[in-house]
Amino acid sequence: MKNIKLLISGMGCAACAVKIDKKLNGIKSVKANVNFASSKASVIFSETEITSADILKAVESLGYKATILENDNKGETLPENSKEILYLKYSFIVSFILSLPLVINMFLEMTGTTTILGNGILQLLLAGVVQFVIGWRFYKNAWKALKHFSSNMDLLVVLGTTAAYFYSIYNSFFANQHGHGAHLYFESSAVLITLILLGKFFETRAKERTSQAVRKLMELKPSTANLYSEKAVKSIRVEEIKIGDILLVKPGEKIPVGGEIVYGSSTIDESMLTGESMPVAKTIGDKVFDATINKSGAFRFRAEKIGDDTALSRIIRMLEEAQGTKAPIQKLADRVSLYFVPAIIIIAILTFIIWILFGDLSYGLVSAISVLVIACPCALGLATPTAIMVGTGKGAEMGIFIKGGEVLEKSGRIDAVVFDKTGTLSVGKPVVSGLFPENGLSEEEFIELLATGEKMSEHPLAEAILDKADKLGIKQLSDPEEFNSIAGKGLICRTKKGILLIGSKKFLEENRVKVSSDINEGKKFRAATFLHAALDGNYIGCVAIQDTVKDGAKEAVSNLHAMGYEVYMITGDNKAAAEFVADELGIKHVFAETLPEDKIDKVKELQAVGLKVAMVGDGINDAPALAAADLGIAMGNGTDIAIETGDIVLTGGDIALIPEAINLSQKTLNKIKQNLFWAFIYNIIGIPVAALGFLNPMIAGAAMAFSSVSVVLNSLSLLKYKKNFSVK
């Protein structure tokens with residue numbers, strides 16, 4: 001299956017997007033999603049059944065222009081996008097100037113004052129320029145729709161304003177001859193077009209703002225890089241970088257692609273990726289990510305992730321895909337939009353006929369025009385995509401990636417959150433959690449001895465001791481002599497201070513060392529592994545090593561409880577280790593000693609009792625459970641398969657953002673519901689009021705013009721969203 005992105009121009013309203021969507025999805029083997037707010041379409045199809053050219057022809061057969069985006073990450077936009085905003089701005093200004101005399105005359109006539117502004121020929125000329133020159137775009141789009149036996153909002157505008165214009169010509173030049181009143185409606189047709197242009201200007205400009213998150217991300221991409229060789233450093237374009245190239249990054253520069261440091265060290269601002277403001281220390285062997293900023297030292301790194309595989313490209317791709325999706329709640333609005341315009345035309349005709357039957361042609365025409373111009377399918381079409389674009393964009397700024405509209409609806413139904421333990425709630429690697437030196441040794445002296453002994457060891461616990469020594473500032477360690485590792489027990493080596501034994505209590509006792517009474521009676525260390533040590537046969541203390549909880553994990557669990565969710569933990573660890581972490585975090589429900597393949601069963605067990613489950617994980621073995629859960633939340637520092645499976649991805653792996661991710665998803669869903677409510681209510685109330693003759697066409701036109709704007713502005717209010725959950 002092939003996936004392409006299209007840029008579509010010529011869509012005047014939501015009904016246009018629905019028609020294209022219906023046309024493409026009606027083709028065999030094609031699955032398409034058309035986004036009116038971004039003027040883009042995502043199309044998946046089988047190349048054995050159809051070609052890209054056939055897809056383009058299908059769009060063009062409806063009267064729209066489509067071009068394929070070869071690389072959506074390049075930030076391509078509609079060529080006429082900025083021109084469109086300028087065109088609408090200046091069209092409105094000219095239209096306003098020409099309409100102003102007509103409006104002034106209307107108010108003067110209400111006071112009984114007659115001026116040259118009431119001259120029929122002058123009004124015809126002023127309104128004619130607005131109607132047929134400035135308003136020509138509406139005629140062109142309406143004709144395009146009619147040619148393909150469809151309808152759109154432009155057709156409503158054309159029918160309403162043209163009827164007002166030609167009825168005014170009739171009243172101006174022929175009505176008096178037949179004894180009828182000569183009231184003119186030139187101001188109605190001109191002002192309607194003026195207000196619609198103003199509404200379109202605000203709508204287009206507001207829609208631009210909804211996609212600013214993607215543009216901001218694209219602007220983060222550096223354009224050049226420093227290619228390092230033994231002979232020289234050469235500046236090259238980022239597109240020229242190949243996997244394996246050694247690149248030099250100087251202080252203050254952006255890292256061009258992803259890779260691994262091979263020389264030097266520095267601190268790097270990764271806030272773009274993680275949302276965390278504190279710079280991260282990096283040294284040889286550490287991974288670096290594109291578009292992050294080198295703060296201090298210069299370093300060299302090997303390029304590993306280039307082009308579409310870089311972190312930023314993946315983030316942009318995820319965000320674009322998310323913003324192009326529809327929430328299931330939008331399907332009703334799409335169905336309504338498809339039949340909306342024909343229904344409105346029928347209602348307008350019936351309104352006109354009924355008023356004529358009551359003997360009032362003029363009032364009938366005015367009411368029919370009001371029905372035509374107050375109806376607004378655009379508000380329905382913009383309700384969902386604009387909220388999704390702003391909400392997902394705001395999430396991206398915080399390191400939260402929400403994969404589309406369906407995910408938003410899932411988040412609104414969650415009852416329980418299930419955490420994988422290792423790597424999600426806990427650090428996922430052993431760390432020193434307690435030092436208990438004896439025999440007069442300080443903690444520093446004790447850990448230095450242990451680190452010297454473990455320097456040659458390959459045991460996983462050795463790394464924890466060496467890391468602890470490094471954190472205590474012990475950098476220079478002498479090499480042990482006569483190093484001997486005994487599998488499953490411990491080690492013996494000769495150091496400058498004597499013969500050192502490190503291992504289990506049993507190992508030391510086997511070597512005739514008297515070990516002090518255990519310290520691991522305490523609740524804090526009941527899940528810890530203890531390494532004991534002796535020097536020249538004398539016991540010198542022990543060290544507790546265990547997997548510890550992540551920073552922010554406790555706050556995340558506490559916040560989820562406060563939000564009303566049941567929190568569960570699932571792990572393959574033994575019961576003691578699992579309960580230790582659960583007690584630390586305040587989790588009451590624990591599934592311990594669970595095999596990787598059983599995680600999905602635990603999720604299904606919870607679903608079987610009626611719970612809607614969110615699963616949080618980071619590993620390959622979490623992917624099936626993430627997919628089976630009602631909502632999958634993947635840690636961005638985890639495996640690729642977990643990230644691909646997750647509905648929400650936390651790019652920096654910050655567990656404290658989980659309540660924030662769920663809360664933002666629900667806020668965005670609420671905006672969609674608000675938008676759809678007001679869009680439906682506006683039309684449900686406005687159309688009957690117009691049909692009954694209670695609305696002047698100009699007021700109806702103003703209401704229609706600003707209904708779309710109000711929906712977009714409501715979505716844009718999400719830009720003010722601030723983090724609700726802080727970590728102490």
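Helix 599-608 axis versus longest C-alpha principal axis of the chain: approximately 50°, rounded to the nearest ten.
The H on the amide N of T224, modeled in the peptide plane, is under 5 Å from the matching H of V238, each at least 5 residues off or on a different chain. Compute the FRET efficiency between T267 and K89 as 1/(1 + (r/R0)^6), taking r as their Cβ-Cβ distance and R0 = 56 Å, and round to the nearest 0.05. Here the calculated transfer efficiency is 0.75. Listed by chain and number, the lysines whose C-alpha is less than 20 Å from the C-alpha of K242, apart from same-chain residues fewer than 8 away, are K74, K221, K231, K234, K250, K254, K287, K305. Shown here for segment 402-475: trypsin sites (Lys or Arg not before Pro) in loop regions (DSSP other than H, G, I, E, B) with at most 15 other Cβ atoms within 10 Å, namely R413, K475.
Split the chain at each of the chymotrypsin sites (Phe, Trp or Tyr not before Pro) in a DSSP loop with at most 14 other beta carbon atoms within 10 Å, and the longest piece is 359-693. The angle separating the long axis of helix 361-374 from the principal Cα axis of greatest extent in the chain is about 10 degrees. Measuring between alpha carbons in the structure, the pairs from K588/K612; K89/K720; K5/K31; K216/K550; K31/K147; K475/K550 lying more than 22 angstrom apart are K89/K720; K216/K550; K31/K147; K475/K550.
Coupling constants for segment 686-693 follow from the phi torsions by the Karplus curve (6.51 cos²θ - 1.76 cosθ + 1.60, θ = phi - 60°), and in residue order they are x, 5, x, 4, 5, 5, 7, x Hz; glycine and proline get x.
Sequentially through segment 580-595, phi angles give Karplus couplings (6.51, -1.76, 1.60; θ = phi - 60°) of 4, 5, 4, 5, 4, 9, x, 9, 8, 9, 10, 10, 9, 6, 9, 5 Hz, Gly and Pro residues having no value and appearing as x.
About the centre of its Cα atoms, segment 431-546 shows a dipole size close to 300 debye [charges on the beta carbon of Lys, Arg (+1) and Asp, Glu (-1) only; nearest 20 debye]. A cut-off of 5 Å between modelled amide H atoms, ignoring neighbours fewer than 5 places along the same chain, links I540 with A533, A534, L535. Segment K673..S235, full-extension length gain: 152.6 nm, with 0.36 nm per residue of separation and the alpha-carbon distance subtracted.
Which FRET efficiency value, to the nearest 0.05, do you get for K140 and S223 by plugging their Cβ-Cβ distance into 1/(1 + (r/R0)^6) with R0 = 35 Å?
Numbers: r = 40 Å, r/R0 = 1.13.
For K140 and S223, the calculated efficiency is 0.30.
Each other residue within a Cβ distance under 13 Å of G118 adds +1 if Lys or Arg and -1 if Asp or Glu, for a net charge of -2. The charge dipole of the chain, taken about its Cα centre with unit charges on the Cβ of Lys, Arg, Asp and Glu (plus for the first two, minus for the last two), comes to roughly 2120 debye.
Looking at (i) 1.28; (ii) 1.55; (iii) 2.21, which value of Cα Rg over 2.2 N^0.38 Å comes from a calculation on the structure shown? Recomputing Cα Rg over 2.2 N^0.38 Å here gives the entry labelled (i). Projected label points at N439 and E60, each 7 Å from Cα along the beta carbon direction, are separated by 8.6 nanometres.
Taking GluC sites (Glu not before Pro) across segment 560-609, the ones in a DSSP loop with at most 16 further Cβ atoms lying within 10 angstrom of their Cβ are E593.
To the nearest 20 debye, what charge dipole does segment 2-70 have about its Cα centre, counting +1 at the Cβ of each Lys and Arg and -1 at the Cβ of each Asp and Glu? Display every interim value, and only then the final one.
Working: 10 positive and 6 negative charges, 35 e Å.
Around 160 debye, computed over segment 2-70.
Summing -39500 (n - 2.57) over the DSSP H runs of n ≥ 4 in the chain and dividing by its residue number, what mean residue ellipticity at 222 nm do you reach, to the nearest 500 deg cm²/dmol?
On the way: 24 runs with 340 residues, N = 728.
For the chain, the value works out to -15000 deg cm²/dmol.
If you keep only loop residues by DSSP, which trypsin sites (Lys or Arg not before Pro) in segment 1-67 have at most 12 other Cβ atoms within 10 Å of their Cβ? The partial results should precede the final answer.
Details: sites: K2, K5, K19, K22, K23, K28, K31, K40, K57, K65; in loops: K28.
Listed in order of number, the matching sites are K28.
Compared with the dominant principal axis of the Cα atoms in the chain, helix 136-147 is inclined by about 80°. Along segment 407-412 the Karplus relation, 6.51 cos²θ - 1.76 cosθ + 1.60 evaluated at θ = phi - 60°, assigns HN-Hα couplings of 5, 4, 5, 4, 4, x Hz to successive residues, with x for each Gly and Pro.
Where a number appears in this text, it was derived from the coordinates with a stated rule and is not lab data. In this text, all values refer to a predicted model and were calculated from it rather than measured experimentally. All Cβ positions, even for glycine, are placed from backbone atoms using ideal geometry, and neighbour counts span all protein chains on display.
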